[in-house]
Amino acid sequence: MEQDSQYKFDLSVVEDQIREIYGRIVYTHKTHEKSADITMKNWNKIKIWQIIISTAVTSSLVASLFGDAVYATVISAILSAVSLGINLFLKNYDLGKQAQQFSDSANKLWVVREKYLSLLTDIRVGTPDIVELQKKRDNLQDELSEIYKIAPRTNYKAYAEASKSLKEMEEMTFSDEEIDKFLPRQIRKSNR
């Protein structure tokens with residue numbers, strides 16, 4: 001009997017650790033998703049400004065042919081310099097590639113997050129023994145470590161948006177009624 005209570009104590013400690021890791025992965029996954037969204041939004045803004053400035057440069061050059069050449073040429077030169085600055089910035093920062101890296105990391109984190117969720121479910125069902133559970137946990141930690149090695153760094157803005165999405169908008173939370181809407185009638189919880 002003592003050994004059985006010791007087993008349950010050890011299992012609950014491991015379960016608590018896995019729950020903690022799971023919570024961190026949920027936040028990290030959502031933060032990478034938000035980082036991808038923010039980066040793409042910035043990328044799109046810059047691309048729009050490139051088009052606007054290119055259009056203005058072209059318009060200024062055309063105006064210099066038919067009107068006040070000095071005024072239009074000065075405007076064209078200033079706008080060309082701004083366009084050059086944007087292009088130099090984009091040479092060093094490929095925001096489209098960076099957004100894709102955030103998205104790829106989020107996808108990989110999602111897979112590991114779901115594996116941790118399955119592990120927590122297995123604990124509740126009572127199927128794994130402590131040694132097997134620790135092996136699975138250690139393998140997942142190794143998998144997670146490999147993802148973190150290549151994942152781009154996120155920032156506070158993305159973390160704040162992720163936190164708001166998870167806490168206030170409850171993006172990871174579903175009611176039984178919401179889940180039942182996705183399921184065939186025969187396996188809905190409301191049919192029990």
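Looking only at the range 35-81, filter to residues that are among the polar types (S, T, N, Q) and more than 30 Å from residue 101 (Cα to Cα); which one of those is modelled with the lowest pLDDT? Only one residue fits best here, namely 64.
In the range 104-133, the residues that are over 13 Å from residue 15 (Cα atoms) and at pLDDT 85 or above reach residues that are open to solvent by 70 Å² or more (accessible area, probe 1.4 Å) and assigned to a helix (DSSP H, G or I) with C-beta atoms within less than 8 angstrom, at least six apart or across chains, in these pairs: 105/150. The residues in the range 135-192 that are closer than 21 Å to residue 114 by Cβ, touching an Asp or Glu at 6+ places or on another chain (Cβ under 6 Å) and surrounded by fewer than 12 Cβ atoms within 10 Å (Cβ to Cβ) can be counted, and the count is 1.
The values are calculated or read from the model by the stated rules, or taken from the named source; none is laboratory data. Just so you know, these numbers come straight off a predicted model, no measurement behind them. FYI the Cβ positions are ideal-geometry reconstructions off the backbone, even for glycines, and counts take in every protein chain you see. Ligands, DNA and RNA are excluded from the accessible area calculation, which covers all protein heavy atoms including side chains. Shrake-Rupley method; radii C 1.70, N 1.55, O 1.52, S 1.80 Å.
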